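Below: one structure, written as structure tokens.
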Ligand SMILES: [Zn+2]
């Protein structure tokens, strides 16, 4: 009981990102630049989950995301669920949705792409959301979910 | 089309293709005019391609334009580590239009976004080479008197061959029926076949040429390169199976023409060269008129 308490220790105000696949937790940290935060952050990973097998959870005190920012994590954690907390209460639940365009974040799979050889920010249009397929704005090659690499 | 860069064949619409071809026919009748006098065209070849560069330079010179640029990056600031971004910013100041060839894929799209003048892509790695496609369309239209409802055979390396991919995308707007003839390892990628499915166009895939060749209006040959094969024995086995010989053209349609983006290695036997159906050398000449049409329409002169 005590252990469980530690994991789910409540925050007063902020955001809980739940149902992150265990393998995607650190990518979520990178995408949202959580390592740069100075407010209180609690992570749990490899927790048991009926749906995912092993899941991760992130609790962010006093942090609220814009939809455009949080939706970026859908690339690696489409199953993620957000709980928005105000005064210890869940006031809103959200799911994440893959955006139509991805700027930065992902590396193009094509080693001969200009973005992998010169200082150019990557840019992709999302051609498929269910099974993620990103089309590079520059070299026009497809980066799919198996070879998504977070910059 | 004024001030519009040409990076990818899909940047232009069907009507824009047709307008370019119409202009190219005008230039074929009258390739020497002084309409580019006072214009400076930059030809930036970060990797050598003598054939393409000479075609562009001949096109510009014939119309009285001035050319600045380089033919390989070894002698330029790019070899000293200058980024493409910086080079293009600089060259934009000195020219009215930039023609660029670069080994990295996506480089032309980047250049078109950085440059204050329009950019014409003369090849970005294995990605796009749209002026080649437009000259192919011109050659097809000129020899067939139409682009509509043709049967086009694509032979050889259909997996990596960017010219056949771009030609497929362009011709898919003209109700074309495609025949793909290639070794198993070098088949047309699924993405392009899906595109044809979406457009409701017919295509046939085979590794046997002779069965259907009598139906062809155009045979578009490509090089089968050894380095594309993971298994060298497989290359040895197939390399001669995709060589076009004159006797294979027996019984084909009179209007049928054989095209090839050149240079060829051995995939078209020299005995085809004297056939009235061989068109690859004229095809290359059509490149000059097509490039004159592209440059003058982008500059807003035509
Ligand atoms: Zn790319």
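The values are calculated or read from the model by the stated rules, or taken from the named source; none is laboratory data. Just so it is clear, the model here is predicted, and its values are computed rather than measured. Virtual Cβ from ideal backbone geometry, glycine too; neighbours counted across all protein chains shown.
Mind telling me which of the residues A:44, A:48 ends up being at pLDDT below 90, in a strand (DSSP E or B) and surrounded by 16 or more Cβ atoms within 10 Å (Cβ to Cβ)?
A:44
So that you can scan it fast, the table gives a plain yes or no per residue for (1) more than 14 Å from chain B (Cβ to nearest Cβ); (2) at pLDDT below 95; (3) within 18 Å of the chain's Cα centre (by Cα):
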residue	(1), (2), (3)
A:72	yes, yes, yes
A:87	yes, yes, no
A:103	no, yes, yes
A:115	no, no, no
A:122	no, no, yes
A:136	no, no, no
A:142	no, yes, no
In the stretch A:17-41, residues that are within 12 Å of the chain's Cα centre (by Cα) and in a strand (DSSP E or B) total 5
Answer with yes or no whether residue B:73 is under 28 Å from residue B:263 (Cα atoms) and away from chain A (no Cβ under 14 Å).
no
Name, by its number, the condition in (1) more than 16 Å from the ligand (Cβ to nearest atom); (2) out of contact with any strand residue (DSSP E or B) (no Cβ under 7 Å at 6 or more places or on another chain) that does not hold for residue A:62.
(2)
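Condition check: within 19 Å of the chain's Cα centre (by Cα) and within 16 Å of the ligand (Cβ to nearest atom). Does residue B:110 satisfy that?
Working: within 19 Å of the chain's Cα centre (by Cα): no; within 16 Å of the ligand (Cβ to nearest atom): yes.
The answer is no for residue B:110.
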Check on residue A:107, in contact (Cβ under 8 Å) with a residue 24 or more places away in the chain and either within 14 Å of chain B (Cβ to nearest Cβ) or buried (at least 16 other Cβ atoms within 10 Å of the Cβ) (or both)
yes
How many of the residues making up the stretch B:24-40 are surrounded by 20 or more Cβ atoms within 10 Å (Cβ to Cβ) and over 16 Å from residue B:285 (Cβ atoms)?
1
Residue A:45 vs. criteria in the same structural domain as residue A:28 (by TED's automatic domain parsing) and either in contact with a helix residue (DSSP H, G or I) (Cβ under 6 Å, 6 or more places away or on another chain) or within 16 Å of the ligand (Cβ to nearest atom) (or both):
yes
Neighbours by Cβ (under 6 Å, 6+ apart or cross-chain): first from the stretch B:232-248, farther than 18 Å from residue B:214 by Cβ; second assigned to a helix (DSSP H, G or I)
B:235/B:226
